[in-house]
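Engineer: For reference, the structure I am asking about is given below.
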Amino acid sequence: MGRPETLTRYQLYIGGCWVEPAGKGYFPSYNPYTQEPWAEIPQAGPEDVKAAVAAARDTFDRVWSKTSGIDRAKLMLRLADIMEEEGPRMARLESTDNGKVVRETSSQMLFLARVLRFYAGYADKIWGKVMPLDRSDVFDYATMEPLGVIGIITAWNSPMALMANKLPAALAAGNCVVVKPSEHASVTTLEFAKLVEKAGFPAGVFNVVTGDGATGSALVSGGGVNKISFTGSGHVGRKIAAAAGEKLIPVILELGGKSPNIVFEDADINKATVGALAGIFSATGQTCIAGSRLLVQRTVYDELLKRITERAAKIRLGDPLDMATEMGTVANEPQFNRIMDFIASAKKEGARLVTGGERVAEGNLAKGLFVKPTIFADVRNDMTLAQHEIFGPVLSVIPFGTEEEAIEIANDTPFGLASGIWTTSLNRMHRVSKALRTGMVWVNTYRAVAAQTPFGGVKESGFGRERGQEGMMEFLTTKNVMINFSEQERDPFAVQT
Ligand code: NAD
């Protein structure tokens, strides 16, 4: 059977050129709404990855490391403008590729433009410092320098939003990059390369190699990369950390979560209801920061459960490209099967299913990978459902009595990415935020992001920070320069202090 005419075939983007993969061919990218292939993605082999890293290195040495901060900033600002203009088209492409609703992907495209502008402002302000030493005849200063070539490996759930967390900081700091998007959603990263080209970046600053895990592995282990910034599962994160350890290169790992969203009895119940829904059902729950454990104080438990169950049952599922759709499909078949397995095991474990818990089997949506918004009540925190990241629209509602108990349950997880607190007590906001072992705490809001705020996890949610000033520092290293201008001879057999 020949290729359908509508299938777009992409190429690798290496050193400013669109190139065919060296011998490994192409694989289809599926639209999870129609379950039809809609694009062909090149499978890059180790030789392609090597070529991309070599192109990035060459551009870094010859051009980018010599490009002034203000010139890097100008290019980034131009790219931000283009990204805004192209936002609606890019959003539709991403929603077609991973089934996320276009109302979410549209705002993610604008967010990428916003983060580019934030870091463009830093590009010409990367200054060092002068340190007065104990000796008056020595002058000492430290400069901040780019690392060189950064390998960026991303997950399928939000390719452009994940790019926003990594690329602008890396470019502003003066690095060149090689990006390896997920094999399940590569299209927007490849399309983004066209926007980088249009903005006028020197060839080789931004390179894209697509393919499966073997391509990512070649990027980590093939040599020539100075740091890996990875977003994905803990399982792959561990492999990358081990391989990077062999190469002695540093890594940023943005991994999974099982975030507690805690509603106290003194919360504004309307806002908490919306926050609970936003935490788990936006993006079909396919977000690392999903508030997948809803901890509710017993005194307001029945009321909150009733409200979220009623609203969850009314969530509008549909075509991800329709602005009216509230929840799209699950992004790919392996992920869909994983979610359904978790639901089956939760039922067996005795969690009380109050809504959802099955595939949409009727009507137009039966063809797509739709899971009904699912809520399990009276969940114990030691159940599989509460301990594992499901990465789907499945909420565990867990009752608690006291603030201490809430904190204990919230922290009783291998993960530590995000958390939410719903309360009107100022003292409680501070007390509980301090006690939670997560990289991010939201108070009376959930799943809100900003270019200025540092993001990242603790425990098995990973390490390193993205966005904010901290995100920039991840892509810089310090060089110290000590200048002795004394005329005196020194003792060659003792260290000079
Ligand atoms: P994944 O770990 O399966 O894949 C992520 C990327 O790693 C893909 O590009 C994949 O091709 C690549 N890869 C696979 N094996 C590799 C190897 N051996 N070496 C190098 N690269 C390899 O994750 P996924 O299924 O794409 O995404 C879901 C996971 O991502 C969830 O666990 C989720 O929590 C996590 N995630 C985390 C964040 C965050 O910021 N913390 C954000 C989004 C998603």
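The values are calculated or read from the model by the stated rules, or taken from the named source; none is laboratory data. Values in this document were obtained by computation on a predicted structure and should not be read as measured data. So basically every Cβ, Gly included, is an ideal-geometry build from the backbone, and we count neighbours across all protein chains shown. These area figures cover heavy atoms from the full protein model, side chains too; ligands, DNA and RNA do not enter into them. Shrake-Rupley method; radii C 1.70, N 1.55, O 1.52, S 1.80 Å.
Engineer: If I model a spin label as a point 7 Å beyond the Cα along the Cα-Cβ vector, how far apart are those points for ARG298 and HIS430 in nm?
Structural biologist: Spacing of the two 7 Å Cα→Cβ label points: 3.0 nm.
Engineer: Same structure, new question: Enter the per residue convex hull volume of the chain, computed from alpha-carbon coordinates, in Å³ rounded to the nearest integer.
Structural biologist: Details: hull volume 86.6 nm³, N = 497.
Expressed per residue, the convex hull around the Cα atoms of the chain is 174 Å³.
Engineer: Please compute the per residue accessible area over the range 260-443 with all protein chains in place, 1.4 Å probe, rounded to a whole number of Å².
Structural biologist: Here the residues of the range 260-443 average 40 Å² of exposed surface.
Engineer: Something else now. Checking the cross-link filter: which aspartates and glutamates have an alpha carbon closer than 13 Å to that of LYS74, excluding same-chain neighbours under 8 positions apart?
Structural biologist: ASP124
Engineer: So, one more: What list of ³J(HN,Hα) couplings, whole Hz, do you get for the range 316-323 from phi and the Karplus terms 6.51, -1.76, 1.60, once you set θ to phi - 60° and write x for glycine and proline?
Structural biologist: Computed from phi, the couplings for the range 316-323 are 7, 8, x, 4, x, 7, 8, 4 Hz.
Engineer: Taking chymotrypsin sites (Phe, Trp or Tyr not before Pro) as candidate sites, keep only those in a DSSP loop with at most 12 other Cβ atoms within 10 Å, then name the longest stretch of the chain containing none of them. Spell out each step's value before the answer.
Structural biologist: Working: sites that count: TRP127, PHE485, PHE493.
It runs 128-484.
Engineer: If you don't mind, there's one more thing I want to ask. Put +1 on the Cβ of each Lys and Arg and -1 on the Cβ of each Asp and Glu in the chain; which of VAL149, LEU253, TYR446 then has its Cα farthest toward the positive end of the dipole?
Structural biologist: TYR446
Engineer: Same structure again: Counting only residues 5 or more places away or on other chains, whose amide H sits under 5 Å from the amide H of PHE206 once H atoms are built in the peptide plane?
Structural biologist: VAL177
Engineer: Now for a different question. Which of rounded, prolate, oblate describes the range 51-106, given a ≥ b ≥ c as roots of the alpha-carbon gyration tensor eigenvalues and a/c under 1.5 marking rounded, otherwise prolate only if a/b is larger than b/c?
Structural biologist: Details: a/c = 4.80, a/b = 1.86, b/c = 2.57.
Taking the square roots of the gyration eigenvalues as a ≥ b ≥ c, the range 51-106 is oblate.
Engineer: Nearest 10 degrees is fine. How inclined is helix 426-435 to the longest principal axis of the chain, computing both from alpha carbons?
Structural biologist: The two axes meet at around 70 degrees.
Engineer: Could I ask something else about it? What do you get for trypsin sites (Lys or Arg not before Pro) in the range 106-158 restricted to DSSP loop and a cutoff of at most 16 other Cβ within 10 Å of the site's Cβ?
Structural biologist: In loop regions of the range 106-158 (DSSP not H, G, I, E or B), the sparsely surrounded trypsin sites (Lys or Arg not before Pro) are LYS125, ARG135.
Engineer: Can you run phi through the Karplus equation (6.51, -1.76, 1.60; θ = phi - 60°) for the range 165-181 and list ³J(HN,Hα) in whole Hz, with x for Gly and Pro?
Structural biologist: Values, residue by residue: 6, 10, 5, x, 5, 5, 5, 4, 6, x, 9, 9, 10, 10, 9, 10, x Hz.
Engineer: What's the carbon and sulfur percent of the range 260-443's accessible surface, probe 1.4 angstrom, rounded to a whole number?
Structural biologist: Accessible surface attributable to carbon and sulfur in the range 260-443 totals 52 percent.
Engineer: Local charge sum around GLY471 (other residues, Cβ-Cβ under 15 Å, Lys/Arg +1, Asp/Glu -1)?
Structural biologist: Details: positive: ARG114, ARG117, LYS125, LYS166, LYS227, ARG465, ARG467; negative: GLU254, GLU466, GLU470, GLU474.
Charge balance in the 15 Å sphere: +3.
Engineer: Still on this model: Using Cα centres only, tell me the gap between the range 75-94 and the range 128-175 in whole Å.
Structural biologist: Cα centres, the range 75-94 to the range 128-175: 24 Å.
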